[in-house]
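The values are calculated or read from the model by the stated rules, or taken from the named source; none is laboratory data. Everything quoted here is computed from the prediction, not taken from an experiment. For accessibility, only protein heavy atoms count, side chains too; no ligands or nucleic acids. Shrake-Rupley method; radii C 1.70, N 1.55, O 1.52, S 1.80 Å.
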Amino acid sequence: MEMKEDELVQPVSPIAQHMNSSVLSVSIIGVLEFEMAIDELKFMSFPNHLIRLNPLFTSIMVKDVNGERKWKKVELNIEEHIIVHTPPSNLSLQLFDAYFNEYMTNYALQELSQNKPVVGNSYHQLSDQARNPSLPLTFPSRTIKAEQSGHILGCVSQFLLSSMNTVLDFGGNMMKSSVLEDDFTPIRSGRDDVEFRTFVIRTITFSLHQIKQIKTKLGVTINDVITGTIFLGIRLYMQETRPDSTNSNSTASVLINTRMVENYKSVQDMLKPNNSNAPWGNRFGFLHIDIPKATDCELSNPLQFIKAAQKMIKRKRNSSAVFLVDKLMEMIHKLRGPEVAAKFVNKTLKNTSLVISNMMGPREKMALYGHPVKGVYFTIVGVPQSLMVTVISYMEHLKITFRSEKEFIDEKKLTSCLKKAFENIHKASMEISIYT
């Protein structure tokens, strides 16, 4: 159907086209845990708030006369989007968790309608501070310290090291997106239909204060602590489930935003022609990190996994491979189309064992229409993997969410192993003395 030009809002970003294609249908599910029962009448006006924030909240994806995907404005029928579901009142906390998990699974496996607007962007002012609703939420800042050397030999050495890492990592990424495949393990079934199978969602909450204690003791970053804990937890799970898999070739794909924060522009600025500083749309890449094998990092020495994660992440950051992959995907998208680019992404995910995606949440307690939020987490469905790990901070807590393939991964044992990994890492780090 031919669309009038004034009905089209803006072009669909490359990532949105890749994630909504014939080979990939990826959705992000966000969950807010409220401290009180929801006032349905107040939430009925929530869409009006979304519309003011971004026109995409009332748009659907269509093709224009040239076959290019665009966002088209449509009328929003709120009754189609707010669903009130009341569970049985006599459920215990444990039974309620199981009931809610089944509800989430059934909901996530449903095919989303292409004729209804779907929330596709997150925005940090969807909620306000609970103590002062007139103030927006604040988020931790992310600073990356660049290693600099004033000596000419140091600069040359750093350039050569970065160039070598870029070549090796880019070559490794290409192999992982084509022929190189992870081993089949207790966290990777390798089924062709894994993205369509039922799954289980479980969350674990850790103290940010304890994480920062580990960070200070070991002289690492919070990301190093989180990644090392996840890796140790996975290897402990493998040891308890199938001991011979602790030395398997297993890779985690860490989702990286390749848009430079300092070059962030508004939607209007990004749509201007010849805007090379801020090209249109979100952009991402995958940082492939090998999960340390038990032969390299002893399971009895948990701090080795933190150091290994720090070493690998530092090395990967000293490489431009992820940006080269982004440019390659952009070239594939332009020359071969979004479907071919989506196949590239799908193959990359299918050949690895899991994806890790993290984001920084607000420091203050947030509230939505006067409803205080006690917890927040998210997960991603539609990816061709048995395990998905997402991480988000909120106030003084950090929540890790597992989305795992049902009846293949023992989610209770996996979460137990992650808790054990964190406890062992925290205990071992607290036994270290800091000398000044």
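Let me test this: with uniform point scatterers at the alpha carbons of the range 303-377, what is the Debye-based log₁₀ I(q)/I(0) at q = 0.17, 0.20 1/Å?
Cα-only, vacuum Debye calculation for the range 303-377: -0.91, -0.98.
Would you list which aspartates and glutamates come within 12 Å of LYS63, measuring only between C-alpha atoms, while excluding same-chain residues fewer than 8 positions from it?
Answer for LYS63, where 12 Å is the Cα cut-off: GLU2, GLU5, GLU7, listed by chain and number.
Taking 29 Å as the cut-off for C-alpha to C-alpha distance, list the pairs among LYS327/LYS347; LYS316/LYS374; LYS293/LYS419; LYS365/LYS406; LYS70/LYS374; LYS327/LYS406 that go past it.
Pairs exceeding 29 Å: LYS316/LYS374; LYS365/LYS406; LYS70/LYS374; LYS327/LYS406.
Would you grab the residues whose amide H sits under 5 Å from the one on PHE199? Only those 5+ places off in sequence or on another chain, please, with H modelled 1.01 Å from N.
It is LYS406, by chain and number.
I'd like to check one number: the per residue accessible area of the range 374-436, probe 1.4 Å, reported in Å² as a whole number.
Solvent-accessible surface per residue comes out at 43 Å².
Which aspartates and glutamates, on any chain, are close to LYS215 with Cα under 17 Å apart, when same-chain ones fewer than 8 places away are left out?
The qualifying aspartates and glutamates are ASP224, GLU396, GLU423, GLU431.
State in Å² the accessible area per residue of the range 291-352; use a 1.4 Å probe, count heavy atoms of protein chains only, and round to the nearest integer.
Result: 51 Å² of accessible area for each residue.
Compute the separation of the alpha-carbon centres of the range 178-212 and the range 333-390 and state it in Å as a whole number.
Here the answer is 12 Å between Cα centres.
Could you give the length gained on full extension between PHE96 and THR205, defined as 0.36 nm per residue of separation minus the Cα-Cα distance, in nm?
37.4 nm
How far, in nm, would the chain grow between GLU79 and LEU41 when pulled straight, counting 0.36 nm per residue and subtracting the alpha carbon separation?
12.5 nm
Just tell me which aspartates and glutamates come within less than 16 Å, Cα to Cα, of LYS343; anything on the same chain fewer than 8 places away is out.
The qualifying aspartates and glutamates are GLU181, ASP192, ASP193, GLU195, ASP326, GLU330.
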